[in-house]
Structure formats: structure tokens, C-alpha cells
1. Is it the case that segment 260-280 has a residue that's at pLDDT 85 or above and either closer than 16 Å to M431 by Cβ or of a type in the set (V, I, T) (or both)?
2. Filter segment 249-266 for residues that are open to solvent by less than 20 Å² (accessible area, probe 1.4 Å) and touching a Phe, Trp or Tyr at 6+ places or on another chain (Cβ under 8 Å) and give the result.
3. Tally up the residues in segment 297-330 that are aliphatic (A, V, I, L, M) and either surrounded by 19 or more Cβ atoms within 10 Å (Cβ to Cβ) or touching a strand residue (DSSP E or B) at 6+ places or on another chain (Cβ under 9 Å) (or both), please.
4. For segment 362-370, indicate whether the set of residues that are touching a Gly at 6+ places or on another chain (Cβ under 8 Å), farther than 23 Å from L290 by Cβ and surrounded by 24 or more Cβ atoms within 10 Å (Cβ to Cβ) is non-empty.
5. Within segment 145-166, how many residues are surrounded by 24 or more Cβ atoms within 10 Å (Cβ to Cβ) and not hydrophobic (A, V, I, L, M, F, W, C)?
6. Name, by its number, the condition in (1) modelled with pLDDT of 90 or more; (2) surrounded by fewer than 18 Cβ atoms within 10 Å (Cβ to Cβ) that does not hold for Y432.
7. Among the listed residues G90, G63, G59, identify the single one that is under 30 Å from V201 (Cβ atoms) and either at pLDDT 85 or above or not aromatic (F, W, Y) (or both).
Amino acid sequence: MGKGQLRQYVICTISQLSVMVVGVAYCWFEPITIRLAEDPNLDLSTEDVSWLIAILEVGGFIGPFIAGDLTNRVGRKYVIMSIGPLCLAGWILTLISKTLLCLCIVRILTGLATGVAFTITPIYTAEVAEPKLRGRLTGTFQTTWYMGTLYAFSFGPYLSYDMFVYVCIPLPILFTLVWMFMPETPYYLLMTEQEEKARKVLQYFRDGDDVDKELEDMQNAVKEEMSVEGSWKILFTDKVERKAFIIVQIVSITKFLTGMPVIVNYALDTFSRGESFLSAEEMSILLAVLLTLIAVVSAFMSDWIGRKPLLLVSCFGCFVAHFLTGGYYYIHEKTSLDSTNYTWALYVGLMMYCFFSDIGLGPLLQTLQSEMFGASTRGVAGGITEGLAAFLCFIVLKLYTPVNEIFGVYMNFWFYSLTGLVGGLLLLWLMYETAGKTIGQMENTPKKKVLA
């Protein structure tokens with residue numbers, strides 16, 4: 001491995017640490033939800049807790065649109081840098097006041113930071129990584145997200161409210177201090193007519209002076225895309241962009257409607273409804289460990305196997321996993337059978353979901369989002385995609401408790417299972433391969449691969 005590739009790994013990993021920072025803030029609430037609901041000083045009802053979990057997505061809906069606009073105005077670097085101060089402000093407010101209103105504000109700030117991280121961090125990585133590394137480098141997005149989850153799940157159940165916040169505060173501070181010294185992407189520098197700076201940055205990441213061909217490809221792609229205003233309308237009027245947009249939205253809808261936000265935000269509640277030799281807290285930690293470890297391995301798979309095969313396996317695997325988990329909860333809640341004889345289905349379903357979601361739907365949404373769109377629409381498309389994702393997360397999170405109370409936990413999981421099946425069938429029909437191609441090559445996708 002040359003110095004250039006090492007720099008790509010190091011700096012892209014540092015950029016992905018912004019995802020760990022928001023991952024901790026996003027999942028911070030889950031390990032202490034039961035304690036907050038039982039705190040007489042807060043007097044929170046089940047409905048209040050449900051709103052506190054879901055309201056984060058209000059910020060998650062707004063954040064991507066703001067970030068998508070700002071990324072072409074001030075650059076990828078400085079938009080990503082805003083993540084640290086947003087999370088830090090949330091932690092400080094958490095210590096200052098524990099009122100319902102203040103906690104709602106904290107959750108919205110966390111949603112804003114999450115929207116920025118999910119929209120711009122993959123773009124930064126895709127624009128500095130060479131094609132053969134792009135899949136694994138954007139794949140670390142999922143790893144750092146689950147590292148944040150593991151961090152929160154490991155400390156939250158065992159620390160007091162204030163002490164839990166204190167162990168989280170250093171993360172956004174350290175990230176911001178380190179990120180200040182990172183370079184801007186060559187794509188953005190070319191978009192703002194800073195060709196010499198773009199050349200130097202590209203040479204820094206490619207470990208040498210022979211970057212003329214790649215720089216020329218970038219310049220041509222940027223000129224072609226910048227000749228048309230980066231409007232959301234292009235996503236529907238341009239044939240190539242339209243098909244890319246449809247594919248990315250299918251992946252996004254499938255990812256979030258297969259229950260990923262619920263699994264993370266309601267882990268304790270879900271596991272406490274079953275019977276297991278492990279406590280709900282230990283099951284939550286096991287979940288986070290599995291997700292993190294599998295994410296590490298899966299980061300290297302998309303460039304080797306390809307995006308389409310992994311997405312198809314992921315969708316159909318999640319279909320089977322959630323069907324098994326829903327079956328266990330159906331037996332436990334709706335029949336007179338001894339559910340302890342079927343606990344294996346819960347564990348098998350859990351492990352299958354961790355594996356199949358982690359190899360495809362989890363990491364590849366950000367990969368596709370960063371590489372399928374043109375230079376001028378990448379930020380806008382990312383903003384729309386993450387805005388839709390936030391809306392879907394809000395719906396899924398808000399409906400989880402009412403569905404449990406009316407039907408049972410099993411109904412949620414069987415809905416997630418059906419979503420995986422439908423999403424897999426749609427992608428089998430529409431998806432085309434992007435692994436190993438430069439962004440410029442994908443911006444010149446042959447017309448025969450697009451929708452009429």
C-alpha cells in the first residue's frame with residue numbers, strides 16, 4: 001500500500017468518525033428510555049417517550065436539505081465540520097435541563113447532525129477515493145455508525161444520566177479539532193474553479209504527480225454537470241439521473257422500512273418482551289457487537305462481489321430473518337405454546353438480520369448515493385434521499401408502539417419482512433452495477449441502461 005492509499009484510508013476514516021459522533025448521539029436515548037419513563041421528576045408517559053424517539057427525525061428531515069445546499073456553497077469539509085458543534089450543543093443542553101421541551105430540542109439538534117453526516121460524509125469519501133477503494137471506504141460508514149451504537153449501548157445501561165453524558169461529550173470535541181486540518185475534495189475545488197488546489201489535493205491522495213488523466217476526467221465531468229444548474233428538476237427530467245434517483249430511493253425505502261431505526265431505538269423494549277437467558281441490556285450489547293463486527297467485514301465486500309448481488313442477497317436475507325423473528329414473537333404473544341422452545345428463532349433471526357442488513361442495505365445506500373449522481377446534483381439528490389429517509393424513520397418509529405399495543409411485536413417484524421421481499425424484487429429488475437467505475441464513467445452511463 002502506497003502513501004496515497006494510506007492517506008485515503010486515514011482521512012476517509014476520520015471523516016467517517018463524524019458518523020460515530022452522531023451514532024452515539026442518535027442512540028444515546030435508547031439505553032435510558034426505561035429509566036426516563038420511570039423518573040418521577042420527568043413524569044414521562046409511554047407516548048412522550050415515543051415522541052422523543054421519533055422527533056429526532058424532524059431534524060433528520062431538515063438537515064439533509066440544508067446540507068445539500070450548503071455543500072456546493074461552502075464545501076464538503078466545512079459542512080461536515082458542523083456536525084461536532086451541533087452534537088456538542090445537544091450534550092450541553094442535556095446537562096443544563098431535563099425537561100421534555102429541552103430533550104425535544106436536543107433530539108432535533110441530533111437529527112440535524114445526523115442528516116448532515118448521512119448526506120455529505122459519503123460524498124466526501126467518494127470524491128477523494130480512487131475507484132477500487134471507493135466501496136470499502138464508503139463501507140466504513142456503517143462500521144463507524146455501529147461503533148457509535150455500541151458505545152452508547154455499552155455505557156448507557158450502567159452509568160447515571162449525567163455520567164453517561166460526560167463520557168459522550170469528548171467525542172464531538174475531538175472530532176472537530178482533528179477535522180479542521182483535513183483537505184477539501186478535488187471535485188469541490190474544480191467546481192469552484194480552483195484547479196491548482198484540486199491538482200495538489202489529488203496528488204496528495206494518489207501519491208504522485210501522474211494525475212493528469214484522472215484530473216481531466218474530473219474536469220470534464222464537472223464541466224458537463226455544471227453546465228446545467230444543480231436543480232432537483234434534473235433528477236426527474238434527465239434520463240440517467242432519473243433512473244439513479246429511482247434506484248437510490250428504492251434502496252432507501254427498503255433499508256428503513258425493514259426496521260433498521262426501530263431495531264436500534266427500541267432494542268431494550270423489544271428484547272424485554274421475549275424470554276431469553278440474557279438480559280435485555282446484554283441482548284442490546286450483543287446486537288451492537290454483531291452489527292459492528294459484520295460491518296467491518298462487509299466494508300471490503302462491495303468492491304469484490306459488486307453492489308447489485310449484495311443488495312439482492314441483503315433484501316431477501318432480511319425477508320427471511322424478520323419472518324423468523326416475527327414468528328417467534330407470534331408464538332410468544334398469540335399462542336399457548338411454550339415460547340422458550342422457540343427462542344432459537346429469535347437468535348437466528350437476530351443474527352441473520354445483523355449479517356444480511358450489514359452486507360448490503362446498511363452500507364450501500366451511502367455508497368450508491370455518493371457515486372450514482374452527477375457532480376451538480378449529488379448534494380441535492382443526497383438531501384432529498386436523506387430527507388425521505390428521515391420521514392420514513394419518523395413513521396416507522398412512531399408506529400412501532402401503537403402496532404405493538406394493537407397487534408403485537410410480531411406484526412412489526414412481518415411488515416419489515418414483506419418490505420425486504422418487495423425491495424429485493426424491484427432491485428432485481430432495475431439495479432445496474434457501479435463497482436469499479438470512476439464517477440465520471442458513471443455520469444456517462446449508456447442510454448440503453450436508463451428508463452425511457
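The values are calculated or read from the model by the stated rules, or taken from the named source; none is laboratory data. Only a predicted model underlies this, so the values are computations on that prediction, with no experimental measurement involved. Heads up, the Cβs are rebuilt from the backbone with ideal geometry, glycines too, and the neighbour counts pull from every protein chain shown. For the accessible areas, the whole protein counts, side chains as well, though only heavy atoms, and no ligand, DNA or RNA atoms are used. Shrake-Rupley method; radii C 1.70, N 1.55, O 1.52, S 1.80 Å.
1. To start, the set of residues in segment 260-280 that are at pLDDT 85 or above comprises none.
Within segment 260-280, not a single residue is at pLDDT 85 or above and either closer than 16 Å to M431 by Cβ or of a type in the set (V, I, T) (or both).
2. The answer is T258, G259, V262, V264, N265, Y266.
3. Our first condition is that a residue be aliphatic (A, V, I, L, M); within segment 297-330, this holds for 297, 299, 301, 305, 310-313, 320-321, 324.
Checking the rest, the ones that are also either surrounded by 19 or more Cβ atoms within 10 Å (Cβ to Cβ) or touching a strand residue (DSSP E or B) at 6+ places or on another chain (Cβ under 9 Å) (or both) come to 299, 301, 310-311, 321, 324.
Result for segment 297-330: 6.
4. yes
5. Within segment 145-166, residues that are surrounded by 24 or more Cβ atoms within 10 Å (Cβ to Cβ) and not hydrophobic (A, V, I, L, M, F, W, C) number 4.
6. Only one criterion in (1) modelled with pLDDT of 90 or more; (2) surrounded by fewer than 18 Cβ atoms within 10 Å (Cβ to Cβ) is unmet by Y432, namely (1).
7. On the way: G90 fails: under 30 Å from V201 (Cβ atoms); G59 fails: under 30 Å from V201 (Cβ atoms).
Among G90, G63, G59, only G63 is under 30 Å from V201 (Cβ atoms) and either at pLDDT 85 or above or not aromatic (F, W, Y) (or both).
Listed here are the residues, each with its yes/no results for (1) touching a Ser or Thr at 6+ places or on another chain (Cβ under 9 Å); (2) farther than 19 Å from A113 by Cα.
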{"position": "V380", "(1), (2)": "yes, no"}
{"position": "Y400", "(1), (2)": "yes, yes"}
{"position": "V403", "(1), (2)": "no, yes"}
{"position": "I406", "(1), (2)": "no, yes"}
{"position": "N412", "(1), (2)": "yes, yes"}
{"position": "S417", "(1), (2)": "yes, yes"}
{"position": "G423", "(1), (2)": "yes, yes"}
{"position": "M431", "(1), (2)": "no, yes"}
